[in-house]
Amino acid sequence: MISFRSKLLLIFVALLSLVFASITWAVFNAVSSASVTYANNELDVAERVFNKLLLENRRQLIERASLLADDYGFRQAVATNEEETLISVLANHGERIGASMVFITDSAGKLRLGSHDLTVAENLIANNISKAERPFSLLLAVEHQAFQLAMVPVRAPSLIGWVGLGFTMDAELLNNLKSVSKANITLLLDNARQPSLTTLDAAEFVELSHELATTGPGGSGALTQLLSRQGWLSRPVLLEGDIAGDIELLLSVSATQLQDKLNKLQNHIVSIGVVALALVLVAIVTMANSISRPIASLARSANRMALGDYSKPVTATSRDEFGMLAHSLNGLQTAIKDREEKISYQAEYDIETGLANREKSKSELEALLAKKRPFVVALLKLDNLNRLNDLYGLSFIQQFMPDIAQRLLAVVGAQGFVSRTKNNEFLVVFNCSGNNADAAVWPILDSFSESLSHDNIAINFEPRAGILYCPEQADNYEDLIRRASIALSEARKLALPSYLYQEGADEIHLRKLTITAYLQQAIQQGNFELMYQPQLDLQSNSVNGVEALIRWTDPVLGKVFPDEFIPLAEESGAISDITRWVLGQVCKDCAVLANAESTLNVGINLSAKDILSKTMLAELLDKAAHAVPANITLGFEVTETALIADAHKAMDNLKVLQQAGLSLSMDDFGTGFSSLSQLKLMPVDKLKIDKSFVMKLDESPEDQSIVQATIKMAHALGLKVVAEGVENKAAGEMLKAWGCDYMQGYYLARPMPLLDLLPWLQQQAAQQPA
Ligand code: C2E
Ligand code: CA
Ligand code: CA
């Protein structure tokens, strides 16, 4: 991953390099085009200066020549025309004024005497002489030498001739000219390939001349080209004034000198660029650091926060955006910290009451159990809470929870702790060593005797408690909770304010759970059997009724008796399926029972839930009407307690059955505390006196009184009476004597399978006196 700093550096360095390259390129272009212009300007200046110098030089030469022409002796010599005198005079005068060429002409310009062969210039001289009588000058190329020539008239006093004085254009002159014009001068004569004189570097020039000699035609043009290759910009000088012979002058300025200057400039620019780049780099690194450092510090803070460390505040050193970000992060940190604290609080405490929640109470209890010190647990439930919720609304009732918590805390004090394990469940722990749990728990229950009020509405909460001694009755959390719950449900079942857990209740509870679980399987697989227990009509001494009793043999649990599993099935809701199975099985068995010689009433036991269900009612009516043969009638037995639990609804439903001509028995009569008025209203036609009053009838005068009174009362209400649990002859006889209508019990017959029932019935019929 490329860091932000590196990216910033890369971008800036690239940008800067681009900018510097563009500047350098632009400067270079401008300078190199300027350099050509500059060199040309230099040549222009040099050319002008050069011409001026040359003219000035010629003017001075004329002046000097004029001095000679004015000399008396000289004029004499010219006038006398003595050749020898003339020669010596010329030589003397010429030497005196430093001329390297001397000659004289006649007045028409015809050469009379001279130091050089002037054939080339003869016409030019004559022309000039004929044009003017004043002195004039010329440039001459004679005998491979260049001369500046001054021509002056000689008068005595009339014009007697002209004297010409020539001065060689030598290295000295050229150097003088060079020092003023700042340009190198090369002299070319006679269209020669070899330059005759130059101010250029001698050694270099020899090489040049050599090269010039081997290439095509010579002249200034060829030399210009050759020189340009070595970095010279050259130009031939357009000489002013009269010229005789082939003279060319070439001015050269060094273009390489300019190039050197340019290179220096380039180097300057590059060094400035490098220095600037370095400075900018330092600036960028500093800047990048000033950005990346706070970012890195903020990132570290964020990472710390991610790891759950909120101890250090995020430091904001600057007031810029980073400062703002740090400030925001700080805010975030505080918010997260608060929220986390809230969440962890909620993980352990109940927000509504501020009490420890189930999790927290679990860890507290585990710690307490680990210490192995004795304590008492009371699992408290507000028994009427659902009713109150229905009555006043959930939110109103919830308002009381904090008050309830306060009440509990006030009672428990420092002696233990209180937690809320469910919405309607509080767990109170007392650190007490004695064995009188009641003394500890009672103040709590008692504290609820006073109502609590909100909005002027007073509410009475009815608590119940399941109590447990720890660690004797539970030495681990799971057992503790389960056993406290068992004790609590016992308290509710027995309608007691509190119930102390009884040894073994857990095992019973576990067995109940197991049975409930296995029952489900038994229903799915139809793992039941039906037994039939006959009933004897005591008046006719004939058997005309049987009661269907269910049997369950489980592959794992073995024989489970209905007294055990029926109440569990009622609790778990599985009872409807059992009733359906019994009903179905009875209808199947009817095919066999149809062979019975007499009419037979088959009693089927219904539970409270069955008689409250419209669907079940419809099923019962349907089966009774369509699925049984003519000699069979179905009767239904409902326990007294089931009937009075929801008397109104039960009554309505049972009336439907009664109207359909089905017999209804009130089972287990005597156990359910039903009043006479209730009994009177119930749509039943039989009472079955509970076997607990009958089994020891012969021995118990009390039972005798009860049974006798019950029979009387039932008859008074127009009900038939069945006594069940008749185990001996004495009881049977008593019952018959008291006018009891039917009896059922081991004395007559134990419940038997269908296959045994028919032979038994036949045998019974056979024994009956005709
Ligand atoms: P219950 O309806 O009162 O049935 C009579 C019970 O007394 C039967 O027990 C029967 O075997 C027993 N018994 C009969 N004669 C004597 C006797 O002389 N001495 C003694 N000690 N007991 C006698 P069982 O079959 O164990 O049934 C127990 C209870 O289970 C029944 O009491 C009934 O409430 C329930 N139950 C049985 N089968 C069904 C059923 O198919 N549906 C429903 N809902 N409940 C059933
Ligand atoms: Ca029964
Ligand atoms: Ca019974």
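The values are calculated or read from the model by the stated rules, or taken from the named source; none is laboratory data. All values reported here derive from a predicted model rather than from experimental measurement. Virtual Cβ from ideal backbone geometry, glycine too; neighbours counted across all protein chains shown. Surface accessibility is based on the protein's heavy atoms, side chains included, excluding ligands, DNA and RNA. Shrake-Rupley method; radii C 1.70, N 1.55, O 1.52, S 1.80 Å.
Find all pairs meeting these conditions: Cβ atoms under 9 angstrom apart; at least six residues apart or on different chains; first residue within the range 621-632 and open to solvent by less than 40 Å² (accessible area, probe 1.4 Å); second residue assigned to a loop (DSSP other than H, G, I, E, B) and acidic (Asp, Glu).
Correct list of pairs: Asn631/Glu597.
Return the residues of the range 555-611 that are within 16 Å of ligand 2 (Cβ to nearest atom), part of a helix (DSSP H, G or I) and of a type in the set (A, V, I, L, M); say none if nothing qualifies.
Once the filter is applied, which keeps residues that are within 16 Å of ligand 2 (Cβ to nearest atom), part of a helix (DSSP H, G or I) and of a type in the set (A, V, I, L, M), the range 555-611 yields Ile566, Ala569, Ile575, Ile578, Val582, Leu583, Val586, Ala608, Ile611.
Can you name every residue in the range 633-652 that is open to solvent by less than 10 Å² (accessible area, probe 1.4 Å) and either more than 16 Å from ligand 1 (Cβ to nearest atom) or part of a helix (DSSP H, G or I) (or both)?
Within the range 633-652, Glu640, Leu643, Ala650 qualify.
Check whether at least one residue in the range 601-615 is modelled with pLDDT under 90, closer than 20 Å to Leu657 by Cβ and buried (at least 20 other Cβ atoms within 10 Å of the Cβ), and report yes or no.
no
Kindly provide the set of residues from the range 560-599 that are aliphatic (A, V, I, L, M), crowded, with 17+ Cβ neighbours inside 10 Å and free of Cβ contacts under 8 Å to residues at least 60 places away in the same chain, ordered by number.
Val560, Ile566, Leu568, Ala569, Ala574, Ile575, Ile578, Val582, Leu583, Val586
Would the range 719-733 turn up any residue that is under 30 Å from Gln659 (Cβ atoms), within 14 Å of ligand 3 (Cβ to nearest atom), of a type outside the set (Val, Ile, Thr) and touching a residue at least 24 places away in the same chain (Cβ under 8 Å)?
yes
Identify, from the list Met666, Met682, the residue that is within 14 Å of ligand 1 (Cβ to nearest atom), among the hydrophobic types (A, V, I, L, M, F, W, C) and under 24 Å from Ser576 (Cα atoms).
Among Met666, Met682, only Met666 is within 14 Å of ligand 1 (Cβ to nearest atom), among the hydrophobic types (A, V, I, L, M, F, W, C) and under 24 Å from Ser576 (Cα atoms).
Could you check, for the range 471-482, whether at least one of its residues is of a type in the set (Gly, Ala, Ser) and touching a Leu at 6+ places or on another chain (Cβ under 6 Å)?
Yes: the range 471-482 contains one or more residues that are of a type in the set (Gly, Ala, Ser) and touching a Leu at 6+ places or on another chain (Cβ under 6 Å).
Return the pair list, or none, for Cβ contacts closer than 8 Å from residues in the range 109-134 that are closer than 19 Å to Gly94 by Cβ to residues that are surrounded by fewer than 14 Cβ atoms within 10 Å (Cβ to Cβ) and not small (Gly, Ala, Ser), at least 6 apart or on different chains.
Going by the 8 Å Cβ cut-off, the qualifying pairs are Leu113/Glu83.
If a residue must be more than 10 Å from ligand 1 (Cβ to nearest atom) and buried (at least 16 other Cβ atoms within 10 Å of the Cβ), how many such residues does the range 539-559 contain?
6
Restricting to the range 734-759, give me the number of residues that are touching a residue at least 40 places away in the same chain (Cβ under 8 Å), open to solvent by 50 Å² or more (accessible area, probe 1.4 Å) and within 16 Å of ligand 2 (Cβ to nearest atom).
Selection size over the range 734-759: 1.
Restricting to the range 126-175, name every residue that is part of a helix (DSSP H, G or I) and either more than 19 Å from Ile62 (Cα to Cα) or under 60 Å from the mean Cα position of the chain (by Cα) (or both).
Within the range 126-175, Ala171, Glu172, Leu174, Asn175 qualify.
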